[in-house]
Amino acid sequence: MKNMSLDKKRLANMVLKLLKDEYQSTGPFLDWTNPLELLVAVSLSAQCTDKRVNEVTEKLFKKYKSPLDYANANKDDLEKLIYSTGFYKNKTKNLIGMGKIIVEKFNSIVPNNFEELQEIPGVGKKTAAIILSNAFNKNISVAVDTHVKRLVNLIGIVESNNVEKIRLSLNKYLESKNYAVFNEYLITHGRAVCVARKPQCIKCVLVNICKNNRD
């Protein structure tokens with residue numbers, strides 16, 4: 001079991017190095033200028049493209065600039081503004097709830113604590129990790145989204161559909177300073193080459209170490 005863990009750790013870091021060499025840099029995917037804007041943008045990105053989120057937030061951020069603005073938002077107005085991001089009713093509910101709890105519990109300041117962030121409606125471990133690493137430079141955890149979950153299983157770094165198991169395993173395999181970039185490089189690679197419907201293995205820099213090709 002110990003040797004297996006070491007192998008997985010080595011594989012995870014080999015993947016990171018190869019992707020860094022391939023793409024040089026990656027992100028940011030969402031447009032934001034402060035922790036609140038990033039929190040809102042990530043919340044809207046669920047089941048929506050980053051391009052569409054950025055189009056929506058360009059207008060949204062001009063009207064809603066503080067947690068109090070969201071707390072006091074007119075539901076119908078907010079729904080119209082974010083309609084094109086999908087699941088707009090639930091996202092509107094979460095944004096208003098987000099504003100209220102940040103105002104009432106966190107003195108109108110987005111918390112920089114992993115557990116406290118998860119008290120905000122719609123915020124789980126993935127979103128909390130993204131907020132902390134990008135807005136506060138605090139590397140607490142790898143953010144496990146659909147790209148990360150799919151690719152680590154395909155490559156063989158972690159073989160599980162349990163997001164929490166994947167998160168804890170990656171946190172163990174990687175240095176904390178690489179938590180955020182690992183997520184970003186896998187997203188980039190998942191969009192550019194290892195696409196879900198038809199992975200382009202012939203173009204993939206991971207082809208020689210990927211479990212999909214070792215089996």
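A few notes on this one:
- The one condition in (1) in contact (Cβ under 8 Å) with a residue 60 or more places away in the chain; (2) assigned to a helix (DSSP H, G or I) that Leu154 fails to fulfil: (1)
- Positions within the stretch 46-69 being within 24 Å of Phe106 (Cα to Cα) and either modelled with pLDDT under 95 or surrounded by fewer than 20 Cβ atoms within 10 Å (Cβ to Cβ) (or both), in sequence order: Phe61, Lys62, Lys63, Lys65, Ser66, Leu68, Asp69
- Any hit, the stretch 110-126, residues being of a type in the set (Gly, Ala, Ser), outside any helix (DSSP H, G or I) and not assigned by TED's automatic domain parsing to the domain that holds Leu16: yes
- Taking the criterion of being surrounded by fewer than 15 Cβ atoms within 10 Å (Cβ to Cβ) and touching a residue at least 24 places away in the same chain (Cβ under 8 Å), the residues of the stretch 70-86 that qualify are Asn72, Ser84, Gly86.
- Within the stretch 9-41, the set of residues being farther than 24 Å from Asn153 by Cα and not in a helix (DSSP H, G or I) comprises Pro28, Leu30, Asp31, Trp32, Thr33, Asn34.
- Residue list for the stretch 159-179, restricted to those being at pLDDT 95 or above and surrounded by 14 or more Cβ atoms within 10 Å (Cβ to Cβ): Val163, Ile166, Arg167, Leu168, Ser169, Leu170, Asn171, Tyr173, Leu174, Asn178, Tyr179
- Leading residue by the ranking (surrounded by the fewest Cβ atoms within 10 Å (Cβ to Cβ)) among those in the stretch 134-158 that are among the basic types (Lys, Arg) and over 18 Å from Leu38 (Cβ atoms): Arg150
- Single unsatisfied condition, Asp21 versus (1) closer than 19 Å to Val123 by Cβ; (2) not assigned by TED's automatic domain parsing to the domain that holds Val110; (3) not hydrophobic (A, V, I, L, M, F, W, C): (1)
The values are calculated or read from the model by the stated rules, or taken from the named source; none is laboratory data. Computed from a prediction, not measured in an experiment: that's the story for all the values here. FYI the Cβ positions are ideal-geometry reconstructions off the backbone, even for glycines, and counts take in every protein chain you see.
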